[in-house]
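Right, one structure below, let's go through it.
The values are calculated or read from the model by the stated rules, or taken from the named source; none is laboratory data. This is a predicted model, so every value here is computed, not measured. As a convention, Cβ positions derive from the backbone with ideal geometry for all residues, glycine included, and neighbour counts pool all protein chains shown. Heavy atoms of the whole protein, side chains included, go into the accessibility calculation; ligands, DNA and RNA do not. Shrake-Rupley method; radii C 1.70, N 1.55, O 1.52, S 1.80 Å.
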Amino acid sequence: MTVAVPLSFGTRVRRREPLSRHTSWHVGGPAEVFFNPRDRADLSAFLRGLPDDVPIYWIGLGSNLLVRDGGLPGVVISTVGALDALARLSATSVRGEAGVACARIARQCIKWGLGPAEFFAGIPGTLGGALAMNAGAFGGETWRHVIEVETIDRHGTERVRSPSEYRVGYREVSAPAPEEWFLSATLSFEQRPGAHVDEVHKLLARRKETQPIGEWSCGSVFTNPPGDHAARLIEAAGLKGFRLGDASVSSKHANFIINHGTARAADLERLIEHVRSTVVRVHGVALHPEVRIVGVP
Ligand SMILES: Cc1cc2nc3c(=O)[nH]c(=O)nc-3n(C[C@H](O)[C@H](O)[C@H](O)COP(=O)(O)OP(=O)(O)OC[C@H]3O[C@@H](n4cnc5c(N)ncnc54)[C@H](O)[C@@H]3O)c2cc1C
């Protein structure tokens, strides 16, 4: 099946776009159609024109995604550089669109004297991805700050939803309806006059001592099981530094898997499975991937 798209969307539509260009692991086959909208109206018009049976997948900065080597059929919608407005709404609330980088939210909130938003600096993704994952760092978590979200569905219908409509857990969010994606969120913070960007730099420097920041990874591969740490279990199973081809378990933090340059998605997935099954054998604990694994092998 070839996805038909009107020519009026111009170069905002790319065919067979390698998703390795859009993921922090630098792997992933092509998106059949990759769409980077100009703005919300453009996005809405694009969605309304799609046949009902075309699969749709949304991507932010691809920092929590393992896209398989066969790529993604249908349409991939990229919010980066598109939905990127961030504004202060009141003394204690801000609204960000889905494509805003989390680090920008951290920096801007500090300028506005609002907090605690420093944790967003530790999440190398977009607000849309942080909402989908309930991303958290340094003790903070995205959904603790959500007042409301705006969503859009595959027919281009927009809705405003409150947090009570979502089931939110640790790195897990269940939406009230399938095929509805985040356009924006209104977030609440406290007034923190005097907050300084140095605080963020200190947190990031501390993290750099324990995590392989700067290497190609997706952050933590597995969620922590109740009462334990995935990294501890992986290290105790003797896997720290374990290498399969050009993919390895980080020797700095055992819950990170690194692509050293030429690993493919299949290599990373094989290593993930090796780590999972070894931890089951050694500790009797089944780890669950935090990273979203999608696409065709
Ligand atoms: C070095 C490193 C460190 C990391 N540290 C942390 C950390 O401390 N804490 C943490 O929680 N995570 C961490 N991560 C993981 C990752 O940054 C987060 O999960 C982040 O929220 C993903 O955002 P993204 O924009 O990259 O989403 P993507 O990876 O592009 O997508 C992730 C999921 O969100 C969905 N999605 C994206 N945008 C939307 C949207 N607008 N509407 C609906 N669904 C959407 C996608 O379909 C996909 O299922 C780290 C990653 C790296 C590489």
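Quick notes on this one:
- Heavy-atom surface analysis with a 1.4 Å probe gives region 166-211 a carbon and sulfur content of 49 percent of its accessible area.
- Note on ALA41 and ALA266: their simple-model spin labels are 4.7 nm apart, each label 7 Å out from Cα toward Cβ.
- For the pair SER174 and SER251, label points projected 7 Å from Cα toward Cβ lie 4.3 nm apart.
- Net charge of the neighbourhood of ASN255, taken over other residues with C-beta under 14 Å away and scored Lys/Arg +1, Asp/Glu -1, is +2.
- Cα gyration tensor category, rounded, prolate or oblate, for region 85-225 with a/c compared to 1.5: oblate
- For region 218-295: rounded, prolate or oblate by the Cα gyration tensor [a/c cutoff 1.5]: prolate
- Anisotropy class assigned to region 1-56 is prolate, per the alpha carbon gyration tensor with a/c at or over the 1.5 cut-off and a/b larger than b/c.
- Of the DSSP H helices in the chain, those with a Cα length along their own long axis of 20 Å or more and a mean Kyte-Doolittle hydropathy reaching -1.0 comprise 197-210, 265-283.
- Taking every protein chain into account, the accessible area of region 1-125 amounts to 40 square angstrom per residue (probe 1.4 Å).
- Restricting region 85-173 to chymotrypsin sites (Phe, Trp or Tyr not before Pro) that sit in a DSSP loop and have at most 12 other Cβ atoms within 10 Å of their own Cβ leaves TYR170.
- Where Cα atoms sit under 18 Å apart: lysine pairs in the chain separated by 8 or more or lying on different chains: 4
- Rounded to the nearest 5, the antiparallel percentage of DSSP beta bridges internal to region 1-79 is 40%.
- Virtual spin-label span in nm between GLU165 and HIS229, 7 Å along Cα→Cβ: 3.8 nm
- The equivalent ellipsoid of the chain has semi-axes of 30, 27, 17 Å, largest first, where each one is the square root of 5 times an eigenvalue of the Cα gyration tensor.
- Apportionment of accessible area to carbon and sulfur, region 1-140, percent (1.4 Å): 54 percent
- Radius 15 Å from Cβ of VAL3, net charge of other residues (Lys, Arg +1; Asp, Glu -1): +2
- Per-pair calculated FRET efficiency, R0 = 35 Å: GLU158 and ALA286 via Cβ, rounded to 0.05: 0.35
- Computed over protein heavy atoms with a 1.4 Å probe, the accessible surface of region 174-281 works out to 51 Å² per residue.
- Only DSSP H runs of four or more residues enter the estimate; each adds -39500 (n - 2.57), and after division by the residues of the chain the mean residue ellipticity at 222 nm equals -7000 deg cm²/dmol.
- Potential lengthening between ASP198 and ARG48 on full extension [0.36 nm per residue; Cα-Cα distance subtracted]: 49.5 nm
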